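J.: This is the structure I want to talk about, given as structure tokens.
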Amino acid sequence: MDIDVWQHGPKAHGGRLRIGNRVIRCAIGKNGITSPGCEGDGATPAGTFPLRRILYRSDRGQRPSTALCAKPIGPRDGWCDESSDPAYNQPVRLPYPASAEKLARRDRLYDVIVILGHNDTPVIPGLGSAIFMHVARRDFGPTLGCVALSPDDLAYVLRRVTKDSTITIHETPFGKSA
């Protein structure tokens, strides 16, 4: 089952996600949705992306029920966001000599991460890294470019996707042309 995401509401980071007939509240980048986007722009990139795999905190919950490949996050797991590094937009082991985001966060935002196939085949330096679907803040505050859902809604989505599912992030309101 495929997923659609679009900006919704008066705030740039307000969003909606549709899977099947269900529409769900989500948070997107603090600067809304853009194309093509670049590293550090605070926007969610527009486009259609495969759902690569899931990373999850096994110390905070069970493996999500999903058809996607899932792997536990460990304390040394990170994601390189240094565009000049050869491991840019790829998982790394911490500590890492270049800039890298720690995946085993203290907050609960990365308890479950869906890695989206953005800028990964091939990786283009500066085009953007670490575009995930993950758990939203309680107030659905903005992300730095990811798509964030409540824990229950994320679990709902994961139960319905297949290995062939994609996520389409629309620059214009879903179902409307520019």
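J.: Which value, in debye to the nearest 20, gives the size of the charge dipole of segment 1-134 about its Cα centre, when Lys and Arg are +1 and Asp and Glu are -1 at the Cβ? Please list the in-between numbers first.
T.: On the way: 18 positive and 13 negative charges, 140 e Å.
It works out to roughly 680 debye.
J.: Give me the log10 of I(q) over I(0) for the chain at q = 0.18 Å⁻¹, as the Debye formula computes it from C-alpha points; what are the numbers?
T.: The Cα Debye sum returns log10 ratios of -1.20.
J.: Kindly identify segment 74-178 as rounded, prolate or oblate by the Cα gyration tensor criterion: order the square roots of the eigenvalues as a ≥ b ≥ c, call it rounded if a/c is under 1.5, otherwise compare a/b with b/c, prolate if a/b is larger, else oblate.
T.: oblate
J.: Of Gly74, Gln62, Ala98, which is farthest along the charge dipole of segment 31-105 in the positive direction, counting Lys and Arg as +1 and Asp and Glu as -1 at C-beta?
T.: Gln62
J.: Another one. Percent of alpha carbon pairs in segment 1-69 separated by more than 19 Å?
T.: Result: 49 percent of Cα pairs exceed 19 Å.
J.: Evaluate the relative contact order of segment 1-85 (contact order divided by residue number), counting alpha-carbon pairs under 8 angstrom at least 6 apart; express in whole percent.
T.: 16
J.: For the chain, calculate the relative contact order in percent as a whole number, restricting contacts to Cα pairs under 8 Å that are 6 or more residues apart.
T.: Relative contact order of the chain: 31 percent.
J.: For segment 1-46, what does the relative contact order come out to in percent, with C-alpha contacts under 8 Å and a separation of six or more?
T.: 27 percent.
All of the numbers you see were taken from the coordinates with simple rules; none came from a lab. Keep in mind the model is a prediction, meaning the values are calculated, not measured. Glycine also receives a Cβ, built like all others from the backbone with ideal geometry; neighbour counts cover every protein chain displayed.
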